[in-house]
Amino acid sequence: GACHVLFQKIIERYPKALIVVVTPLHRIDEDNVFGDKPKEKPGGTLEEYVDIILKVAGYYALPVLDLYHISGLQPKIPIIKELYFFDGLHPNDNGHRIIANKIKKYLEAQ
């Protein structure tokens, strides 16, 4: 529901803009993205959240840069975490370069 509200409001506010949706990157703790601890607040996995984003963006015919599936950045692989992340969630400068390049190429193709 929240994705529908968000996308509707953005489209209504910026009807002539190119609106591009970007999915989140993988992270070390993907098992419960809606709560800090599974026992406190049951939620869904990051992949389920990405699936929702893809489905709702499709409903509004919004283009999606799916970094979750195509970034090449999986911090659960130790060398990837070391080279491209500060903490398994936030990309470092090298990680941001990869993301920026993918966003640039995606926008140029639109």
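The values are calculated or read from the model by the stated rules, or taken from the named source; none is laboratory data. Note that the structure is predicted; figures quoted are calculated from it, not measured. Reconstructed Cβ throughout: ideal geometry from the backbone, glycine too, with neighbour counts over all protein chains shown. Surface accessibility is based on the protein's heavy atoms, side chains included, excluding ligands, DNA and RNA. Shrake-Rupley method; radii C 1.70, N 1.55, O 1.52, S 1.80 Å.
What to note about this one:
- Among all residues of region 75-85, there is at least one that is open to solvent by less than 30 Å² (accessible area, probe 1.4 Å), over 13 Å from the mean Cα position of the chain (by Cα), aromatic (Phe, Trp, Tyr) and farther than 29 Å from Gly1 by Cα.
- Residue, most open to solvent (accessible area, probe 1.4 Å), within region 17-43, restricted to residues that are at pLDDT 80 or above, farther than 21 Å from Tyr84 by Cα and out of contact with any strand residue (DSSP E or B) (no Cβ under 7 Å at 6 or more places or on another chain): Leu18
- Of the residues making up region 86-99, at least one is under 13 Å from the mean Cα position of the chain (by Cα) and not in a loop (DSSP other than H, G, I, E, B).
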